[in-house]
Structure formats: C-alpha cells, structure tokens
Amino acid sequence: MDNYKADELLKTYCFNCDKETNQSILYNDNEIVPNEIIWRNESGDEFESAWEVVANIWTLSRCRGCEKVNFKHIIRNSPDRETDRVFHLPHKPIRQVPNWVIKIPMKYVGILQEIYISVNEKLFTLSLTGIRTLLDIYIVDKIGDVGTFKQKLDKLVAEGIITSSKAKVLEAAIDAGNASAHRGYRPDQETLFQILDIMENLLHSEIVDRSVNKIKQSTPRRR
C-alpha cells in the first residue's frame, strides 16, 4: 500500500504540464474493500462469481512546476501493481471546445457542451449520437421538420442554405450518427474527430454568414 506524508515529494502526472512532474503531497488516504467479480454469458445471465480484495488509493498533490493541484485514484487488486487502474483528475481534454462557441445561438450551446464532455470522457457512441441530434435541431430550425434527412438535405440545397457538396458531407455525418443511435456503432477517435470537424464547420459558417450580412448592411451603396 502506498502511504505518503504531507509535503512528501511524489512524481506523478500533471494535467496542466501534460507530463509527469515532481509534486508535493497535500493529502493521502486509502481503503481496502471486498469486491465481487461476476462472469456472465452472452445473454447476460450470471454463471460464476468470485470475491477479491481491492485497495483504493487517493492522492491529492500540487505540481512543483506550475503549482496546479492534481488528484490521483489508484484501484489495486494485485500486490505486483501490474494490473493497477489509475485515474487522474482533471485530465487533459482530447478535444478543446472552440472559442467561437460563445457566438452561436444559445439553443445549440447546451447540447454542444454535452457533446464535448462525452468526447473528452471518450464516450464516442454517445458523442456521435449527440452530434446527430444537434444536426437534426439545426436542420429543423432552418427548414422545418419535413420528410426524411435526405429530403431535408435536398431542401437545404434547394433553398441555397448549404451547397450540394456540403450536403453530401452532412449526409455522411448523419448516417454515422444513425448507426450509433440505432445499431450501437462506436467510431474510433479519428472518425469521430472528422465528424466533429463537419459539425464545427457548419456551426462556424453561421457566425461567418452573420458577419458577412453585417458588413453588407454597413457598407455604403454605390451612387
């Protein structure tokens, strides 16, 4: 069991430095608890169980470099520590929220926040389902709830809201979202980021279009 004293030095991960650093221990505690392991068949029926002893180890520390506070939780079920499960909080986001989101309509902000939270928790199926929902809200807001997604995309193009090339890109993103919502599809990180790029590009274009309209309105006309 790891037992540290206050102010003792520990080398561990710092979320701000994004690497292992020397840190001062602020608080340390642990507990040993029983844990039941259950094996199930493919139908979900329990068919065997066993008990193990698990140690929870918590450490709160301050980085000696940037002085940020970090929390570390170790779940240990083996003395050799090779099977330790280690959790660090806060953790460095794998996808930053764009700084321009403060300029988009508020109706998109709530679900957008949930999307980025799930992305950074690596809940990729939920993330993709959320993106599909946001795209649906965006489309309905533009043209109303008319027909299938394909028909909606065709109407967006017909009314000059998006180009035909962007419609094809959106169709691919929506198809992936449908696969997550209805067929349990879980994209890898690269695929999810490509779909996020599509969503971000669409929302950012709203800001650009609004800026263009303001420029046009404020530009003096030719005499």
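Of the residues contained in segment 76-83, none is found to be of a type in the set (Lys, Arg), under 16 Å from Leu9 (Cβ atoms) and surrounded by 14 or more Cβ atoms within 10 Å (Cβ to Cβ).
Considering only residues of segment 36-58 that are open to solvent by less than 60 Å² (accessible area, probe 1.4 Å) and farther than 17 Å from Glu8 by Cβ, which is nearest to the chain's Cα centre (by Cα)? For segment 36-58, the residue satisfying everything is Asn56.
Number of residues in segment 150-167 that are more than 15 Å from Glu206 (Cα to Cα) and open to solvent by 40 Å² or more (accessible area, probe 1.4 Å): the value is 9. Determine whether Ile139 is of a type outside the set (Gly, Ala, Ser), touching a Ser or Thr at 6+ places or on another chain (Cβ under 9 Å) and at pLDDT 80 or above. It is false that Ile139 is of a type outside the set (Gly, Ala, Ser), touching a Ser or Thr at 6+ places or on another chain (Cβ under 9 Å) and at pLDDT 80 or above. Would you confirm, using the coordinates I've provided, whether Ser61 is in contact with a Leu (Cβ under 6 Å, 6 or more places away or on another chain), small (Gly, Ala, Ser) and open to solvent by less than 60 Å² (accessible area, probe 1.4 Å)? Taking the combined requirement at face value, the residue satisfies it.
Is it the case that segment 9-19 has a residue that's touching a Phe, Trp or Tyr at 6+ places or on another chain (Cβ under 8 Å), within 27 Å of Asp188 (Cα to Cα) and open to solvent by 90 Å² or more (accessible area, probe 1.4 Å)?
There is at least one residue in segment 9-19 that is touching a Phe, Trp or Tyr at 6+ places or on another chain (Cβ under 8 Å), within 27 Å of Asp188 (Cα to Cα) and open to solvent by 90 Å² or more (accessible area, probe 1.4 Å).
The residues of segment 126-149 that are of a type in the set (Val, Ile, Thr) and either buried (at least 17 other Cβ atoms within 10 Å of the Cβ) or more than 17 Å from Asp197 (Cα to Cα) (or both), listed by number, are Thr129, Ile131, Ile137, Ile139, Val140, Ile143, Val146, Thr148. In segment 105-125, of all residues being touching a Lys or Arg at 6+ places or on another chain (Cβ under 6 Å) and β-branched (Val, Ile, Thr), the one that is most open to solvent (accessible area, probe 1.4 Å) corresponds to Thr125. Restricting attention to segment 168-199 and to residues that are open to solvent by less than 30 Å² (accessible area, probe 1.4 Å) and at pLDDT 80 or above, the residue that is nearest to Lys152 (Cα to Cα) turns out to be Met199. Scanning segment 33-67 for residues that are free of Cβ contacts under 8 Å to residues at least 24 places away in the same chain, among the hydrophobic types (A, V, I, L, M, F, W, C) and within 25 Å of Arg81 (Cα to Cα) returns Val33, Ile37, Ile38, Trp39, Ala50, Trp51, Val54.
The values are calculated or read from the model by the stated rules, or taken from the named source; none is laboratory data. Bear in mind that the values here come from a model prediction, so they are computed numbers and not experimental data. Ideal geometry is used to build each Cβ from the backbone, glycine not excepted, and the neighbour counts take in all protein chains shown. The area values use the complete protein model at the heavy-atom level, side chains included, leaving out ligands, DNA and RNA. Shrake-Rupley method; radii C 1.70, N 1.55, O 1.52, S 1.80 Å.
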